[in-house]
Amino acid sequence: MKAYPFITKVNHIGVATKNYQETAAFYESVGYHEVVGGYDPNQNVYGYFYEAAGMPTIELLAPYDEKSPINKILEKNGVTPYHLCYEINCSIEDAIKEMKGDRFMVIAKPAHSDNLKGRVCFLFHKDVGIVELLEYEKV
């Protein structure tokens with residue numbers, strides 16, 4: 001697999017959950033607090049971000065309805081961390097093109113994320129799992 005110099009850092013760990021309040025109770029018990037969240041119509045999920053000093057940011061994702069993409073993950077694995085989100089310093093289209101060369105498959109096309117203030121997309125690789133790319137919007 002080639003190097004990806006456009007990936008600059010991990011933004012967050014995504015955790016699939018059926019009930020974000022119940023899962024959040026654990027994270028709050030170890031010092032996390034909610035910083036932003038709500039319904040994301042582009043992904044058809046509830047997404048809530050939690051932060052704690054010295055800890056990675058956690059995104060709790062819960063289904064909005066029976067068509068939410070998170071349902072498949074929950075059916076297969078139950079509540080689980082399931083993706084890492086990486087910040088990138090190039091266009092999301094350029095990053096996708098590079099990663100497709102290493103057999104990453106796009107599983108969710110680029111879309112705006114209100115919570116992250118940028119565009120995101122999800123890719124899958126059989127030896128890596130699911131990764132999310134985050135391209136911050138230019139201001």
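The values are calculated or read from the model by the stated rules, or taken from the named source; none is laboratory data. No experiment lies behind these values; they were computed from the predicted model shown. Methodologically, a virtual Cβ is constructed for each residue, glycine included, from the backbone with ideal geometry; neighbour enumeration extends over all protein chains shown. With ligands, DNA and RNA removed, areas are computed over all heavy atoms of the protein, side chains included. Shrake-Rupley method; radii C 1.70, N 1.55, O 1.52, S 1.80 Å.
Things to note:
- Within segment 92-104, residues that are farther than 9 Å from HIS125 by Cα and at pLDDT 95 or above sit with their Cβ atoms under 6 Å from residues that are part of a loop (DSSP other than H, G, I, E, B) and open to solvent by 10 Å² or more (accessible area, probe 1.4 Å), at 6+ positions apart or across chains, in these pairs: ALA95/PHE6.
- Filtered by the rule that a residue be touching a residue at least 12 places away in the same chain (Cβ under 8 Å) and closer than 18 Å to LYS109 by Cα, segment 24-45 gives ASP40, ASN42, GLN43, ASN44, VAL45.
- Residue that is surrounded by the most Cβ atoms within 10 Å (Cβ to Cβ) [pool: residues in segment 82-139 that are closer than 21 Å to VAL45 by Cα and among the aromatic types (Phe, Trp, Tyr)]: PHE122
A quick yes/no check of all residues on (1) within 15 Å of TYR82 (Cα to Cα); (2) of a type in the set (S, T, N, Q); (3) open to solvent by less than 70 Å² (accessible area, probe 1.4 Å); (4) out of contact with any Phe, Trp or Tyr (no Cβ under 6 Å at 6 or more places or on another chain):
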{"residue": "PRO5", "(1), (2), (3), (4)": "no, no, no, yes"}
{"residue": "ASN11", "(1), (2), (3), (4)": "yes, yes, yes, yes"}
{"residue": "LYS18", "(1), (2), (3), (4)": "yes, no, no, yes"}
{"residue": "GLU22", "(1), (2), (3), (4)": "no, no, no, yes"}
{"residue": "TYR27", "(1), (2), (3), (4)": "no, no, yes, no"}
{"residue": "GLY31", "(1), (2), (3), (4)": "no, no, yes, yes"}
{"residue": "VAL45", "(1), (2), (3), (4)": "yes, no, yes, no"}
{"residue": "LEU60", "(1), (2), (3), (4)": "yes, no, yes, no"}
{"residue": "ASP65", "(1), (2), (3), (4)": "no, no, yes, yes"}
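- Residues being more than 20 Å from VAL120 (Cα to Cα) and touching a residue at least 12 places away in the same chain (Cβ under 8 Å) - total across segment 1-16: 2
- Taken over segment 1-42, the criterion of being charged (D, E, K, R) and either part of a loop (DSSP other than H, G, I, E, B) or touching a Lys or Arg at 6+ places or on another chain (Cβ under 8 Å) (or both) is satisfied by LYS2, LYS18.
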